[in-house]
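The values are calculated or read from the model by the stated rules, or taken from the named source; none is laboratory data. Note that the structure is a prediction, hence the values are computed from the model and not measured. Cβ placement follows ideal geometry from the backbone for every residue including glycine, while neighbour counts extend to all protein chains displayed. In case anyone asks, the SASA skips ligands and DNA or RNA and just uses the protein heavy atoms, side chains included. Shrake-Rupley method; radii C 1.70, N 1.55, O 1.52, S 1.80 Å.
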Amino acid sequence: MELRQLFPRFDEELLTHLEKVAQEVSFEEGDLLMRPGQYFKSSMVILNGRVKLYREGSNGEEFFLYYLEPGQACALSMICAAKNEESEIKAVAVTPVKALVIPLHHMDSLMRDYRNWYYFVLENYRHRFQELLHVIDQIAFHSMDEKLVLYLKRQFDTFGPVLQITHQQIADDLNSSREVISRLIKKLEQQKKIAAGRNEIKNISI
């Protein structure tokens, strides 16, 4: 039933096939789902919960890329799996997560035999590409205070008008320092764009 609710465009034949070849797995908050250097033996579709993806630098620094939500799949993992390449990203469960794991050897037949799956994969590629363009724009064309505002907008769009988040978490996601982020958050408070409390940020006019 969960598959049918998440993927109303999937026809009954495809849904039945997925139920046959795929397996449901569960992760706890904080579990590592994907790490740099990992080879994939399967692809994963999120059924419940939220996954956060990072790009990891050579010195261990991390930069936030995007979230995976229910009904979404990681297009990068699909590409790496199909080409037998190592992952270059890190994925962490930020809530308890339930996912559908599809063994790699079924991916070619799914793409070939089920048009709705083919469109689903293309849509995931398109959506993830837009997310990555957003990240590139953020890095290339904006100062850190602009990056912070864009980051907060994305977070508010995802989680709602009140964020439970620390300055250190934001600094980690933006590959900055806690001191810089705290100073910029104070500036946004003075401009009456946000209200910040202990481990909490409320949207006022961002």
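Which of the lysines could a cross-linker span from K147 if the Cα-Cα distance has to be under 30 Å and same-chain partners fewer than 8 positions apart are dropped?
Within reach: K52, K90, K186, K187, K192, K193, K202.
Before anything else, pin down the relative contact order of region 51-206: Cα pairs under 8 Å, at least 6 apart, normalised by residue count, whole percent.
Reported relative contact order: 21 percent.
Over the Cα atoms of region 104-203, what Rg and Dmax result, in angstrom?
Both quantities, over Cα of region 104-203: 18.4, 57 Å.
Show which lysines lie in cross-link reach of K20 when reach means a straight Cα distance below 20 angstrom and same-chain residues fewer than eight apart are skipped.
Result set, ordered by chain and number: K41, K98.
Given the peptides 113-121, 46-54, arrange them by the average over their residues of other C-beta atoms within 10 Å, most packed first. All intermediate terms of the calculation are to be shown ahead of the outcome.
Values: 113-121: 15.8, 46-54: 19.6.
The peptides rank, most packed first, as 46-54, 113-121.
Once neighbouring chains are kept in place and the probe is 1.4 Å, which whole percent of the accessible area of region 60-206 is contributed by carbon and sulfur?
53 percent
Could you report region 115-201's accessible area per residue, 1.4 Å probe, as an integer in Å²? Don't skip to the answer; put the middle values down first.
Details: 5090 Å² over 87 residues.
For region 115-201, the solvent-accessible area averages 58 Å² per residue.
Average the reciprocal distances over every distinct pair of alpha-carbons in region 56-131, invert the result, and give the Kirkwood radius in Å. Show your work: numbers first, answer last.
Numbers: mean 1/r = 0.0713 Å⁻¹.
After inverting the mean inverse Cα-Cα distance, the result is 14.0 Å.
When the gyration tensor of region 125-169 is built from Cα positions, what are the square roots of 5 times its three eigenvalues, in whole Å, from largest to smallest?
20, 15, 8
Which value results for Rg/Rh of region 1-152 when Rg is the Cα radius of gyration and Rh the Kirkwood radius based on the inverse mean 1/r?
0.98
Over the heavy atoms of R55, what accessible area does a 1.4 Å probe trace out, to the nearest 10 Å²?
Roll a 1.4 Å probe over it and R55 shows about 110 Å².
Pick from Q190, Q168, Q38: which residue has the top mean-square fluctuation in a GNM of the chain where Cα pairs under 10 Å get a spring?
Sorting by GNM fluctuation, first place goes to Q190.
To the nearest 20 debye, what is the magnitude of the charge dipole of the chain about its Cα centre, counting +1 on the Cβ of each Lys and Arg and -1 on the Cβ of each Asp and Glu?
Charge dipole, the chain, about its Cα centre: 640 debye, nearest 20.
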